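Contents: one structure, followed by commentary.
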Amino acid sequence: MTTLLHDLRFALRMLLKHRGFTATAIIALAVGIGGNTAIFSVINAVLLRPLPYSEPGQIVYFEGVNRARGVLDSNISALDFVSWKEQSNAFAEMALFVTGSGSLAGIDGDPERLPRAAVTSSFFPVMGVQPILGRAFSSQEDQPGSEPVAILSNAVWKRTFGGDRNVIGRKITLNARSVTIVGVMPARFDFPERAQIWSALPLDMKDDHRDNRSYSAIARLKPGITLGQAQSQISAINSQLATAYRDTNNGWDAKLARLHDYLARDVRPSLVALAGAVAFVLLIACANVANLLLVRTAARRREMAIRAALGASRIRVVRQLLTESVVLALIGAALGVLLSVWFTDVLVRISPPETPRFDQVNLDWRVLGFALLISTFTGLAFGLAPALHASREDVGASLNSGTRGAGESVRSRVRGLLLIGEVGLSVMLLVGAGLLIQSFLRLREVKPGFNPSHVLTASISLPYARYKDDQQRVDFFRQLTERVKTLPGVSSVATTLTLPLGGSNYDIGRAFVPEGRVLSIENSGNASYSLASGDYFRTMEIPLLGGRPFTERDDAKSPMVVIVNATLAKKAFGSPQSAIGKRLTIWRDEKFPREIIGVVGDTKPVRLDQESGPQLYVAHAQDASWGFMSVAIRTMGDPAAMIPTLRREVLAIDKDQPIYNVQTMDEVIAKSAASQRISMALFSAFAAIALLLAALGIYSVIAYSVTLRTQEIGVRMALGAQAGDVLRLIIGQGMAFTCAGVFAGLAGALALTRAISGLLFNVRANDPLTFVAISALIMAVALLASYIPARRAAHLDPMKALTHE
């Protein structure tokens, strides 16, 4: 212990003595360790930490799949779910749920729109979570006609009712219905989709259809049953259903996934890519510090030789140098942990709000343990090679100040290899960043099919308990549009069921059969379905390619009409022009054909990087069974300034009706590319750090090489070498290392860029332009980093250089 304390004191003295070296090494390590710790804290919360439920690994999620029709992530049918439940023995519990939102009438103020889930009574047993107050839903509440009941989230209970423990049994007004509160959930429980209130889901199977795929399902595996066994059972049942119900179930299956894996699936590729990027930064930082330590141990040859001459063993010398390295790493780690707090906060702030479990990101004991482990390993990794080289130093040669020492050539080769590694890793990171930048730029060039500028949108959901018939719903939205379009600053206003790019959170699909074909699953196509008022296409500036838009005459009493997009018109009728006047049936929902009165341009339904696909629009007055609609307002000025006015106009019509999901279409566009923008920004930031570290590595190696070759340079200049000759000599050395690193990095990039191919849009993972541009950038930076010490060497005084030791 005494020896260790002595080594620690000596290490601290040496680090304080060489402040420039110490500061450079600590900053490099802090950035590398801080970045890795921050990313690990996110990965720990999102991917590694189990869900906060009882035996979360047993909870599985069902997704509808029909590969023949290109459907890979559909909701499921309630009737199919009943068949699975009756015929499968793999699950202890199975539950259905539907997500959406609910309008909670103001207790002491304005009405509030809350994320809501309607769930069957088995939902909470499947999740392994029970209310902290009251009870969960009973099986009787799954039946049609049961008394409406609800369970509140912990946050709503505290915010709305002040945490009153006597809240159980109280009545609230939810979607214009009186609902009894029967429970309060634990803090932070908000599944599914950040739900804040849960209501019972009575199921009336007599009036349902197997192709009504609007439900979600979860289940808890029985002990001893694997996911693969459960999947085999469900797929076998689905094969039987496809034979028994060919029109509705042909080609349909369900894909089972662990709930944890399902929730993290969208963010996993980005996190893995970022983890690889920061790991590369740490490796580059380690190589950089190792190079600096090699330079410093070379300067301490005489010190090490004196220690050896006085009897210090090789192990003793190695231990002292490793102690210095570990102390350096621990100081870097301490600063890195502080930086990681800031990095983590930045990651959480810039991430989309719907990113799963980001609210649980923190520096817990796992993260701190990771930081300690990685710092210790880093200290050993970058300190071992210099320590071993120093311990092998020839004592006689080192005590002779006029010689460079027998180990210098070995050290030079190690420094060269480390430098090549730094450059190679930097090239790989920069190529990845370059591909992501190109991908993002190409994504921004995608035309969404409408003009998002100066458009405000908001969602409104009319409760069926108050707006019982279709005409009431039509009248509400018609009255609202009439009031809003007369307001100052409003250019036009319209309503729709589904806004482009997921702006209204509804992505509704319908099958259709063109006129002249038998109504069957084989003859049907799939299309995105939406409702729209007459001014919708003018408000969104979606081009009308032929025919006419909807008018007020297109109501429930007039002939049934439909407007289709260009893609549907081409696929079903050959061209947009030939589709006008043709008819199609929205099957199986309707048993009558609709006349195509117009063809409009394609819009992006969910994401900018997706194909538009067939789309069809129906006049709201001809299908007013939908109570939830979105209002789109094109303004002459700032659309956000219209928000208070829109809220006031809605409340003037119905004092209990809130608006929600309020956003401009510019914000919708930004959100649609948010994940790509964040990945690009973070990857580029780490690549820039890697480039700076590589430039520092090149500079330090070449600068030290100039110091070692000072006498040689003096001899060359005394024999007639010009400044240009010296520049070429020194720069050539640096560029030789760089070229070797670039070639190694390009080879590595060809292999590793496939890992980020899923994050790219319209860019090949081996895009030659990116590889050439990054190579040129690295060479330019290396040239600058080599030129600075080379220029100093070219201006040496030959007489002073010849007497240099």
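Only one residue in Ala298, Ala285 is modelled with pLDDT of 80 or more, assigned to a helix (DSSP H, G or I), more than 22 Å from Leu47 (Cβ to Cβ) and among the small types (Gly, Ala, Ser), so which one is that?
One residue alone meets the criteria, Ala285.
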Seminar exercise, completed: Residues of the stretch 730-779 being open to solvent by less than 40 Å² (accessible area, probe 1.4 Å) and among the charged types (D, E, K, R), in sequence order, are Asp767
Problem set entry | Selection from the stretch 486-500 of residues that are over 22 Å from Lys570 (Cβ atoms), of a type outside the set (Val, Ile, Thr) and touching a residue at least 12 places away in the same chain (Cβ under 8 Å) | Leu487, Gly489, Ser491, Ser492, Ala494, Leu497, Leu499
Problem set entry | Hits in the stretch 464-487 - residues which are open to solvent by less than 30 Å² (accessible area, probe 1.4 Å), over 20 Å from Thr645 (Cβ atoms) and not in a loop (DSSP other than H, G, I, E, B) | Arg473, Val474
Exercise. Across the stretch 253-272, which residue is most open to solvent (accessible area, probe 1.4 Å) among those that are among the charged types (D, E, K, R) and outside any helix (DSSP H, G or I)?
Worked result: Asp266
For this session: Take the residues in the stretch 481-506 that are of a type outside the set (Gly, Ala, Ser) and out of contact with any strand residue (DSSP E or B) (no Cβ under 7 Å at 6 or more places or on another chain), then tell me which one is modelled with the lowest pLDDT.
Result: Tyr506
Exercise. If you scan the stretch 43-96, which residues turn out to be closer than 30 Å to Leu339 by Cβ and in contact with a helix residue (DSSP H, G or I) (Cβ under 6 Å, 6 or more places away or on another chain)?
Worked result: Ile43, Asn44, Ala45, Val46, Leu47, Pro50, Leu51
For this session: Name, by its number, the condition in (1) assigned to a strand (DSSP E or B); (2) of a type in the set (Asp, Glu); (3) surrounded by 21 or more Cβ atoms within 10 Å (Cβ to Cβ) that does not hold for Glu595.
Result: (3)
Exercise. Asn212 versus (1) surrounded by 13 or more Cβ atoms within 10 Å (Cβ to Cβ); (2) at pLDDT 90 or above; (3) in a loop (DSSP other than H, G, I, E, B): which is the lone unmet condition?
Worked result: (2)
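Conditions (1) in a helix (DSSP H, G or I); (2) among the hydrophobic types (A, V, I, L, M, F, W, C); (3) at pLDDT 90 or above, marked per residue:
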| site | (1), (2), (3) |
| --- | --- |
| Ile168 | no, yes, yes |
| Val182 | no, yes, yes |
| Leu203 | no, yes, no |
| Gln229 | yes, no, yes |
| Ile234 | yes, yes, yes |
| Ile237 | yes, yes, yes |
| Ala242 | yes, yes, yes |
| Gly251 | no, no, no |
| Leu274 | yes, yes, no |
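Name the strands (runs of 3 or more DSSP E) wholly inside the stretch 488-565 in which the number of residues that are open to solvent by 20 Å² or more (accessible area, probe 1.4 Å) is 2 or more.
In the stretch 488-565, the matching strands (runs of 3 or more DSSP E) lie at 509-514, 525-532, 544-547.
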Seminar exercise, completed: From the option list Pro614, Pro593, single residue qualifying as modelled with pLDDT of 90 or more and over 33 Å from the mean Cα position of the chain (by Cα) is Pro593
For this session: Please work out if Val662 is open to solvent by 10 Å² or more (accessible area, probe 1.4 Å), aliphatic (A, V, I, L, M) and modelled with pLDDT under 90.
Result: no
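Given the criterion closer than 25 Å to Ala556 by Cβ, surrounded by 21 or more Cβ atoms within 10 Å (Cβ to Cβ) and not charged (D, E, K, R), identify the matching residue among Leu646, Leu584.
Leu584
The values are calculated or read from the model by the stated rules, or taken from the named source; none is laboratory data. Just so we're clear, the structure is a prediction, and the values are computed from it rather than from any experiment. Backbone-built Cβ (ideal geometry, glycine too); neighbour counts: all protein chains shown. The area values use the complete protein model at the heavy-atom level, side chains included, leaving out ligands, DNA and RNA. Shrake-Rupley method; radii C 1.70, N 1.55, O 1.52, S 1.80 Å.
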